Every structure is written in structure tokens, then in C-alpha cells.
Amino acid sequence: MTGNQYTPCGTIDHGLARRQFMGEFLTGAGTIAGTSLFSHPIGAGEIARQSRSVVVVFLNGGISQFESWDPKSDLETGGPFRSIATSVPGIHVSELLPRTAQQMHHMALVRSVSTDLDDHGLANNLVRSGRMTRSATEYPELGAVVARGLERPDFPLPGHITTMVGGVGGRANNAAYLGPRYASVAVGAENGGIVNTQLPEGMTVAVDSRRHDWRRFVNSRHRSRVQSAEMDAYTQSYEQALRLMERRELFDISQETDTVQQAYGKSEFGKQLLLARRLVEQEVPFIEIQHAGWDFHHNNFEFHLHYVADFDSPFAHFLTDLAQRGLLERTLVIVMTEFGRTPSINAGYGRDHYPKAWSIAAAGCGIQHGAVIGSTDAKGVEVTDRKVDHRHLFHTWLRAVGIDSSSQFDIGGRKFPIADPAFGPIEELLA
Amino acid sequence: MNTIPQPRLLFLLLAILALLFLPASAVAQHTPAPAEPLSHRIDAILNTIHLGPPVPLTGDAEFHRRIYLDLVGRGPTAEESAEFFRRIETAPADRAAIREAVIDDLLSRSEFSRYYAKVLEVMFTERRENIGTLEFREFIRRWLAERRPLNELCTEILAADGTDEDFRAAAGFILNRQADPNLVTRDIGRIFFGRDIQCAQCHDHPLVADYEQSEYFGILSFVNRTYLFTDEKRGNKPFLGEKSEAPLEFASVFRPTAPRSIAQPVLPMSLAMDAEPDFVDPTDAYLVAPEKDKRGVPRYSRRQQLAVLATHPENHAFNRNLANRLWAAMMGQGVVHPVDMHHSENPPASAALLRLLAHELVASQYDLRSFLRQIARSHAWQRSVMVPDLQNWDGPPGGKPALAEMLTQIDAQHAALLPTLTQLDQELSAAAEQLQKAQADVSRLQTQLDDARKRLQQISEQHNSDSAKLTQIRDSHTRQLQLIESLRTAQNEAELNAANEVKSSLDQQLDQQEEVVENAGYKIEGLRNRILALANRKLALGEFVVEARGVQRGIRKRMLQQMDLQADLSQQKSRIGILMQWLESRNRLEQAQASESSQSAELSAGLELRETELVESWRQSFAIRRIRPLNPEQMSSATYFALEMHRPVIVRATEEWRSGNHENPADHDNVLRQQEFVTTAVAVNLWDTVEDLVVTRFAAPAGAPQDSFFATVDQALMIQNDATFQGWLKASDGNLIQRLEAIAEPEQLAIQLYLAVLARMPDPDEVQMVHDLLLQGASERTAVIQELVWGLLASSEFRFSM
């Protein structure tokens, strides 16, 4: 295994650059990274400007693998839909994904995911955090780990964002021991953005800048007497807030041309993907988009007909857009869900929860394009080849963006392995 | 409010403030004075390990803000600061006594109990909610106000089941964790013993050799019988029930094929409960057997045992953890840090100090105030945060040779400890063998007991079916007699004979079955007696286990002492090493500079790094004070009091008190009640206004350790733009903005501004700056005053304690 294998996108120098930044920055945040999180060997070179991003599309509720990534021809349980060819010879997906099928050359499929939990909440947490949450232990979600791993010191935006459509969002609680700094911030795609990013009513820009000058004066007096990394982190957070306020328009998708907005579509999902693309352009480390409602215990096929269609076109366009703008080579896109659906069809034409054999799709940075990992039997009951679970996947996603998933976080003297140390990535999925 | 003319309002305020901050109790503390107060002994220990230049005590203003923040959770008000500075100015020679008077005054206020209730509540719940925060705080506040011992508070918290209304809040520790046995086990380990044994749940701790899987299961065995019981008859409120179940077994996930071990209820340091009584029938084990609508109450409650053992003065892990956590609350850093990582790989900055603190905490009968008073009086607590001038320091007397000599001595002392440790190790192995033997005897008896119980159950079942059969035969017999009687009356000879034959067969069966039943009855009695005898025997043998654990505990105690000595030697060695490296770095740089070598720049950078390391080592050993962020509660209280939002509340509450009570300044009790009424009103108002908003942004999420610092953009955005926050900056009701508006003279305004928000006097440059800003913005004076206040509130000086 050479270092190059871990750097499928960008150059080897990114890791170094970020590593140097991080060293300074994490000290500033009051936490000191004991070991480098990056798998790259240290090399000399100019500081790269490119950064990686991860976009997770979370299909909440559990999409059916049969009606998406792992169609079965078995008439009894495979459902009414046919499978179609994709842009990669030999790979077939459900006919419900005609546009995404044409992007398969940017993508990879894992058809052999096998987990234990069939409860929505628990399974959701399982795939997000890559580990089983025991009652006494909570693990940070992928977004928090990536935000921490790909952190840069002067970055004005939050590193871990979940998108929403209207309204303004706040900070969530999903970073566990990494701390609230890495927890997700909800960002509205339309006239909202982030809470408190607008000046108080009646305050002019002039008055605002006057009070900040005074604040800086008070801080400089303080700093001339004593210094600490924590003090600097605190004063910096105000400057970061100001930069964030200046960039409020980043969160406003109406800044895009009509053509672009049309191409993404007017659905909530399309709007959030467009916001995600804007954030990827800004090199935000982690963005999550939720697409909820995939829990079809009844009328599975009718619902999938509509839901997959709602997903397919905007998602395919998102990949095309990223690729055309040269963003896909530094962006990992993952289509997640919490479990699959049963091979059997119940009395209400539905499919129930089925964690034993299901699929996940990914695209872009760090993964082997056109790869299909594992397989299931003819009816999709059992995994027949290369059984993997949430733990392998978690390692894989981190490695794909150059984070060494086998190292540890050192949080104020407490040590935490980044991913389950007894497992490793799916090597053949990595580019 | 608005009808009161201004001068009278001011007078009223002053009177109330004087009243509010009167010492709550004039009762003298009757603690027998030890030869040397704890504060001196703390300093004596820390002075011996500090090899750097002496660090001065902090200035008066820093002291004053620091002590207010640490004891009552807020900064001093402008009046309090002005009064303190005046006293120092009048009698600068009495500085130490004036400082001690401030410490004593704060400790005697009801505000102290109120703030420490928050500190302890956050420590116990880590912001998990179920039993409400306020309810839990009120319980602790009352406890502290009554000056009851801290260890007994901890006992109540582990013992409470939520049924007693007066103690219900105490059950919050377990209720807020849904009585989840693994979570409760981990957090008892962390919060009561300072040991995070979570990873020992599935195997021996991978990183920490001290934490064995048996330790995890030792605690778990005390709590795994406790469960959440929701009472439909009492509004679906949750309570704690307890079952009496078979012992826990565990196996390592790394060695799944190895025989499983039976978990013994034992706490760290071999602290175990008495031999556990046995019962003949499972139902005998209960006062109330658990059912769907009945809360289980065992005759012998393991959790009650835990409550006593966990908080017992003989429990060193408990004492050390509590002393360390209180020290950390005052110093911003534990003697062991992080505070839940007591183990040999993470030695205390000074084991001697930790030992002393734990010992004195016990000696004070776990009296919070006297313990904190001594810490606050120590030079260690009163040190400056300023880094001493290293340019003009030549290293410790004797220089490097003296340090090298120290290292040699340390190595010799270290070597001298080894034989004792080896011997103790052997003793411990021997004791472990004894324990194992005693445990094996008990286990054998347990097997016999289990067998006897099984047989008893079988025989009882057989007995039941035999008795049923006997009843059947009796019934047939009775019917047969009736038949014979009726045949006799009917003089039906032929059938009578046949019936008599059947009867005699039934007679025979009846005799046989009666015998069977009778015999089984004897067997049952015999077995019950046997079980009783075995149970008594097991109890008696259990005494040997208890004794063996006592021996182990004794050895561990001596071992701990040796390990403390060892830890201190290695810590001192590493500190000397750091100092020597710094000296060496500086020498090399001086030489290079003398010879104008080109390496100077590189060496100078190297020296800087060494210097950082050196200063950090001094901070870790409490020679220099660390600059500390305010905790979320301090941040909200400090904001609230800086903006003087308490003033109108005090006025209103006092009026309300006067309208319903007769005021009598001569009656101490009356004064106290009024003080309590007013402080309660302020606390409630603080909670309703500032606390929630600020804590939401500044506190770590529920269930996470609450001692980490983080600065996030949403905090800054809230302070900059949040409408509620901006609302507090509007002039109203005698708050700070209104008070400043009324001051015409810029210098006076600057003084009041700085006193109120930063608890210090402004220097001439700062006065000038305020003056200039007021001049520039003369047309919008109120806005400028708001900006001035905002700038100080948003500053790093406000966010941190020096």
C-alpha cells in the first residue's frame, strides 16, 4: 500500500498544508491533536488551495435496494420494475433511476451491506457514527469527524452543515466528545441562512463597526497583559462571525441564475442540492441533505415511483454540475440510508425493514469509479459476497478524503479511536 | 417603581445591598485548628516542587473578580469592588486580612450555596434532564445551606428511589440516566471515583492497565438490579425499583472461550459489602415483590449497600475524586487532570497534594466551606496568571549541577522504593489467592444451594401433583361411600358387593397416596432445613471473603502510598528534565550570540519552544495560575450582574417582602429570611432572563464532560445580534445603562463602566478612549454607552478569569 493510494484526488500536499494549519488551529481551540489525522506522508510543496468536501444525501426511513441500486429479476419478490443499463457496461440499476444511471461512471455501489439494527433511530445512528452506540458511549457522527479532520484555521463558514429549505437553523448535538465546535449547523437555502447572522434591528453598519473597533481595543489591552490560546480562539470567533455575516448571500440560492435553478428543479431536494453545490464551492468540509419519508410498509412500489423520481433528476444533475465545475474530483458524495427493505412483499404491497442485506451508493472523490462491491443472492435475502457493515463504511469514507481512520483523537487528555479500531476500510472501493 | 423619586431609590438600593450581602451567619466555626492550616500545607508541598522563580500573588482587582466568580459564580458589583478597593487603600498593610475577610464573607452568603448547588448539580447530571435542573439544584442548595456533609449528600444521591418527596430530586442522578445500568455504572465510576472504566465493559481497558473488567462489573453488580418503575397511580412518575436476581456473569470479548467470571459487587480498592444473606424461597428475598404495578423492594438492597460503601470515609477513590473535583472547580485544573482519569498512566501533578487534600476533606467531615476556604486562602489559589520574567532569571540556585544532583537523588529514592513495591505485590498475590480460596468455598456452597433449591422445586412440584391426586382419590372414596350407602338402602346385594370391592381398592390407594404425600412433606421440610443450613454456612464462609478483602484493602492502601511516592518522584524528574533542557537551550543560544553564529535564529526558536514547555509545566504544578474561561453559569451570572439587571429585582422583592412582613433589623433571623427572599427573587429572575440563553450557547451538550472550553461562531453571533441579548442593553429600571446615562462626567462614567463590567478601575488610556468615544458620538449618547458596555461584555477579559 503506497501513500498515493490514499490520495485519489488533489495532490499529496493538501494533507501537509492542512496538517500545518491544523496544528496551529487546534491549539487555538484548546484541544491539541496528539497525532496527525492524515494518512499522507509529510512532503514538501506549496500550500494547496483546494480542499475536500463530503456531501451526504441521507434517504431517511430506508430506501428499498430493490427499487434502486440492487434490482432483482425474481418476479415474486423483485417487484414490478425492470432493471436498466447504466453508463458503466455490466452495471444495472432500477429503471426508476434513468438519469442517475447515466452518471454511474462517477459512482460506485456497495451491494453487500449487512447490519443488525432494524429500528430507525438506532440504525440511523449506527450508519452515521460508524459504531454501535452502547448506552454509555456516544460517538461523533461522520460530519463532525470530517469537520474536525478537514478543518482549516481561517475558514469563515461552519465545517459541518445540514441543509434545510426555509427558516434559520441552530447548532445540533452530534459531535459527542469532539465538542460543539464540530456539531452540525442547520442552514436554510432560502432567505434564512444561519440564526443571528443579521444585525440587530435598527443597528447600522457604521455603528456595528464602531462597537467592534472598541471591542478590539479592549481585547488588545487584555492581550497586551496576558495571552492564551483559548483567549485567541474566543476573540477569533467574533471575527469569524463577522466574515460569516458578510457571506450570508452564500446561503441564498436565489443568487443563482434562473437556468441553474431550473436545472436543479424547484423541489425542496433540488434546492438543497443547489445550496450544497454552493457550499462545496466554498470548500465546506461536510454537508448533509436529508430526503425524508422512505418508510414504505404499504404501497412500496407506488411510493418508490414518486420518491425515486424526486431523487433521480436533481441528484443526477448535481453530479453533472459538480463534474463540470471540476468539483467532483475533490468531493465525495454518499447516498446513505439506515437499512434496506425486505425481499418479501407484505400484504399491503409494502416492504418492511431489512438490515441483513442492503446497498449504499457513492460518487466522486476517493472512490473507485464504476466499482460494485459485493453481491446478494438471486432474491436478495443474503449477502453472498464481501459482507461489510457500518464500521467498514465509516473507515472507507474517511480514507476516501484522506483522513487516517486508524488514528486517535486526543481530546484534552482523553483518547478516542477515530473509527472502530478492530475494522478497516473496504480497500477495493478506494481509488 | 417609577413613582419613587431618584434620590430615595438610591438610598433604598444601598440599604438593600448592605442588607443583602451581610454575612448569613455570625456563628463561629468550631473546627479544632490543626497545628498548621491546610492552606499553608498546600503551599508547603507546592513550594518544594517548584524550581522556577517565585511567582507573585495576583493583584487586588484580579483577586476580587476571581474570588467572586469562584465562590458565588459572578463578578463583583461596582459597589462591592469600590468598597474593596477603598478598604485596601485605607490599610494596604492589611491586604492579606482584607482578602481573607472577603473569602469568609462570600462563603457565609446564601449566594454561595446557590452557586455551588449549580456547580454540583452540573457535576452530577452533566446536564441530563428528567428530574428538573431547578429541582435538583434546590435540593443541593438546601443541603449546603444547612451545612451538611458532602459525602452524605452523595450517599443520598445513590440511595434515593424517588418515593420520598423530600429526597426525590436526589434520585435524579440515576433517574436522569433512565436507570440504564451501564450508563449508571460508567458515571458512578467517573463522577464518584474519578475513574472512566467504560472501555472495561467488554474487556480489560485497552489503554489503562489499572481498569479491569472485574472493576466495571464490580460496580455494575451493585446497580444492575435497579430499574425504572413508572407508577400509573402516581401520574406515571418514574421511580427506582430493585430486583433480587442471579449474579452477573461476564467474559472478555477478546477471550470468548475462556470460562466466564461471576461478577462480585466490589468497588475500586477492594471495598466490598458484607456477605449477602440468602433466602429459602425466591419470594422471601422481597419486602415487596416486583410486579407490573408494584415497585420491587428487596429485603437486601445492593444499591443501598453501594450508597454507603461508595461514600464511606474509608473509600479512598471517593475521597480523592471529590477533593480533586473541588480543587479543579477552584483552580480550573485538577491535581489529576482530566478529573475522571485517575490511573497510573495519568499521575497527579502532586500525589502528596492529592493525598493531603483527600485527608483534610475527610478530617473536615466533608465540610464544603472550610475546604474551599483553605484552598482560597492558599498562595496557590491566589497566584498571578502572569508568566515571570525569564530573561532575568538564571535558573535555580546551584544551576545545572544542582539539578543533576537532584536527579541522582531521585533515582536513588526511586530504587529504594522498589523492594517495598515488589514485596507488596507479592503480598497482594498471596492475598488474592486467599480471596480466591474463600470465594471458591462460597461458590461451591452456592452450587449446593442452587442444587438443593432445584430439588426442592422438583419435589414441591411432585408434592403438588401427588396432593392433587390424593384429593382426587379422596373424592372418589367419598363418592364410593355414598354409593355403598345408597345401595345398602336399596338392598341391592349384588351391586353392593362389587361396590365394596371397589371401595377396598380405593382404601388401599388412599393409604398409599397418603403415605406418598406425607413422605414428600418430610422431604420438603428436610430440604428447607438443608437450604437454611447451607445459607447460614455460606454466610459464615462469606465472612472469610470479607476478611480476605479487608487484607487486600490494607495492602492496596500501603501500595497506594508507595505508588504516590513513586509518581511524585517521576513527576519531579520530568519537571527537572524540562528545566534542564530550557537552561541548556538558553546557554547554547547565548554562546551562539556571543560568537555571532548564524544558528542564532534557529536556536532562539528552539528556546521559545522550551520556554512554552517550561511555563506549561509550572502551570500544571500550580506555580502559575491558569487563565480560565468562565463556566456557563458564571458567564450568565456575570452578564446579568454586570448589566445590573438585579437592581430592579431587588427593589421589587424588597417592597414585596415589606408588604407582607414586619421588618426588624435587630432580629437576625428576620434579616436572614429577608435576605433569602430577595436572593431567591434575583436567582429566579436570572434563570428566567439570561441563564437559559447563555447556557444553551456556552455549555457542552447533555451527557458530555462539562469542563471543556470551546468558542463557536454561534456564541459570537448571539452576543452580536440576538434580539433578546440586545434587549438587555436598553436602559430600564435602574440597570447599568440607565445608571451610566445619568453620569455626566466622562471619567466617572468610564470608572463606573469598568467597575461594573470588568470589576476594575480603568487606566488613563482607557479613560481617554471612553472620553473620545463619548465626544465623537455626543449626538447619540445612549447608543455609545450601549456600545461601550457591549464591547466590554464581548471582550476576552470578560469571558476569562485572571
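Here are some notes:
- Angle in degrees between helix B:150-159 and the longest Cα principal axis of chain B, rounded to the nearest 10: 40 degrees
- In this structure, the residue pairs whose Cα-Cα separation is over 20 Å, taken from B:Lys400/B:Lys573; B:Lys233/B:Lys292; B:Lys294/B:Lys538, are B:Lys294/B:Lys538.
- Folded to 0 to 90 degrees: helix B:316-331 orientation relative to chain B principal axis, Cα: 30 degrees
- Positive end of the dipole of chain B (Cβ unit charges, origin at the Cα centre): among B:Leu150, B:Ala700, B:Leu583, the Cα lying farthest that way belongs to B:Leu150.
- Every pair of different Cα atoms in the stretch A:66-190 enters the Kirkwood calculation, which places the hydrodynamic radius at 17.7 Å.
- Three semi-axes describe the equivalent ellipsoid of the stretch B:610-724; taken as square roots of 5 times the Cα gyration tensor eigenvalues and ordered largest first, they are 38, 21, 12 Å.
- Shielding value for A:171-180 is 5, the average number of Cβ atoms from other chains within 10 Å of each residue's Cβ.
- Global form of the stretch B:346-454, assessed from the alpha-carbon gyration tensor, a/c cut-off 1.5: oblate
- Shape of the stretch A:175-247, Cα gyration tensor, a/c cut at 1.5: oblate
- For the stretch B:475-533, the spherically averaged projection of the C-alpha convex hull amounts to 4.2 nm².
- Set A:Lys387/A:Lys415; B:Lys437/B:Lys557; A:Lys72/A:Lys356 screened for pairs whose C-alpha atoms are more than 25 Å apart: A:Lys387/A:Lys415
- Once the Cα gyration tensor of the stretch A:203-243 is diagonalised, semi-axes √(5λ) in Å: 21, 13, 4
- Two-decimal Rg/Rh across the stretch A:268-390, once Rg and the Kirkwood Rh are taken from alpha-carbon atoms: 1.00
- Between the residues A:Ala357, B:Met330, A:Gly121, the greatest Cα displacement towards the positive end of the dipole of the protein assembly as shown, with unit charges on the Cβ of Lys, Arg, Asp and Glu, is found for B:Met330.
- For the stretch B:778-787, 3J(HN,Hα) computed residue by residue from phi via the Karplus equation (6.51, -1.76, 1.60; θ = phi - 60°) reads 4, 6, 10, 4, 4, 4, 5, 4, 4, 5 Hz, glycine and proline entered as x.
- Over the stretch B:429-576, the hull volume per residue, using the convex hull of the C-alpha atoms, is 114 Å³.
- Oblate is the label for the stretch B:369-427, because the ratio a/c of its alpha-carbon gyration tensor axes (a ≥ b ≥ c) is 1.5 or higher and a/b is not greater than b/c.
- Structure remark: mean-square fluctuation, Gaussian network model of chain A, C-alpha springs under 10 Å; the largest value among A:Pro98, A:Pro285, A:Pro200 belongs to A:Pro200.
- Coarse-grained scattering of the stretch A:119-246 at q = 0.21 Å⁻¹, given as base-10 log I(q)/I(0) from a Debye sum over alpha-carbon atoms: -1.26
- If you run the Gaussian network model on chain A, springs between alpha carbon atoms under 10 Å, then out of A:Glu190, A:Glu288, A:Glu302 the most flexible one is A:Glu302.
- Listed residues A:Asp410, A:Asp74, A:Asp118, most fluctuating in chain A (Gaussian network, C-alpha, under 10 Å): A:Asp74
- Directionally averaged shadow of chain A, computed from the convex hull of its alpha-carbon atoms, nm²: 22.4 nm²
- Length-normalised contact order for the stretch B:302-456 - Cα pairs under 8 Å, 6+ apart - percent: 14 percent
- For the stretch A:194-213 versus the stretch B:220-245, the gap between their alpha-carbon centres in whole angstrom: 53 Å
- About its Cα centre, the dipole of the stretch A:117-251 is roughly 560 debye, where the only charges are +1 on Lys and Arg Cβ and -1 on Asp and Glu Cβ.
- Across the stretch B:442-513, the volume of the C-alpha convex hull divided among the residues equals 61 Å³ per residue.
- Selection from B:Thr639, B:Thr712, B:Gln674 lying farthest towards where the dipole of the stretch B:637-716 points positive, charges on Cβ: B:Thr712
- The alpha-carbon atoms of the stretch B:292-375, seen along their principal axes, cover 51, 31, 22 angstrom, with the largest extent given first.
- Taking the square roots of 5 times each eigenvalue of the Cα gyration tensor of the stretch B:697-802, largest first, gives ellipsoid semi-axes of 29, 16, 12 Å.
- Only Lys, Arg, Asp and Glu carry charge here, each on its Cβ (+1 for the first two, -1 for the last two); on that basis the protein assembly as shown has a dipole of about 1020 debye about its Cα centre.
- What the Cα atoms of the protein assembly as shown give is an Rg and a Dmax of 36.5, 145 Å.
- Separation of alpha-carbon centers, the stretch B:722-784 and the stretch B:67-88, rounded to whole Å: 19 Å
- Rg over Rh, two decimals, the stretch B:109-172 (C-alpha only, Kirkwood Rh): 0.93
- Other-chain or far-sequence residues with amide H under 5 Å of A:Ile367's (modelled H): A:Ala431
- Kirkwood hydrodynamic radius over Cα pairs of chain B, then Stokes diffusion coefficient at 4 °C and 1.567 mPa s, in µm²/s: 41 µm²/s
Values quoted throughout were computed directly from the atomic coordinates according to the rules given, and no laboratory measurement underlies them. Computed from a predicted structure; not experimentally measured. When we count neighbours, we look across all protein chains shown, and the Cβ atoms used for this are built from the backbone with ideal geometry, even at glycine.
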